[in-house]
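Please treat every number below as a calculation from the coordinates, not as lab data. Here the structure is a predicted model, which means the values were calculated and not measured. For neighbour counting, all protein chains shown are included, and Cβ atoms are generated from backbone atoms with ideal geometry for every residue, glycine included.
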Amino acid sequence: MAGHIDPSKERYQLFRDLPRSGAIHMLNLVRFRSEAAYPDGRKATGAEAYAAYGRDSGPVFNRLGGKIIWRGSFQFMLIGPAEERWDEVFIAEYPSADAFIEMLRDPVYREAVKHRQAAVDDSRLIRLSPAETGAHFG
């Protein structure tokens, strides 16, 4: 089964139809290919290709007000598919959904995303609405 790498046109349109004002958080779960799958055949590991994606897309992300607000290392799946693992786990904050959409449309980002497409075996990108934190849940 092919992994989830890019959003479908339908999912992207549903994302665009959500409210656009206020900050959004994007939970990123990313699993790398052992060897990147570049169409031109260049050689790199998935991790190396993803690092190139971060390096090349970072200036656009920063210019639009994006920031990483949480990053961690996957250790163990307690609830969920036991075979599922993630190489990168982080939450990115954007000042608005419009900033995220602008990033996706930026020509520099669009060039950088080729590294992500080569690097990623499977991923999840989950939009979250920031909420108050505290000592309890539920």
So if each residue of separation counts as 0.36 nm, and I subtract the Cα-Cα distance between R42 and R11, what length gain in nm does that give?
8.1 nm
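What percent does the relative contact order of the chain come to when contacts are Cα pairs within less than 8 Å and at least six residues apart?
44
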Protection proxy ranking of 66-74, 23-31 - average other beta-carbon atoms within 10 Å, highest first:
23-31, 66-74
Go ahead and collect, in residue order, the members of segment 93-118 whose backbone nitrogen is under 20 Å from a label point 7 Å along the Cα-Cβ direction of R63.
93-116
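For the chain, what does the helix formula give at 222 nm: sum of -39500 (n - 2.57) over DSSP H segments with n ≥ 4, over the residue count, nearest 500 deg cm²/dmol?
-11000 deg cm²/dmol
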I'd like the FRET efficiency for E35 and R71, computed as 1/(1 + (r/R0)^6) with the beta carbon distance as r and R0 of 35 Å, rounded to 0.05.
0.90
Using a 7 Å offset from the Cα along the Cα-to-Cβ direction at both V89 and E132, what is the distance between the two label points in nm, to one decimal?
2.7
Please give the residues of segment 18-42, grouped as numeric ranges, whose backbone N is less than 18 Å from a label point set 7 Å along the Cα-to-Cβ vector of S96.
18-26
Cleavage-rule hits, GluC sites (Glu not before Pro), segment 1-90, DSSP coil, Cβ neighbours within 10 Å at most 16
E83, E84
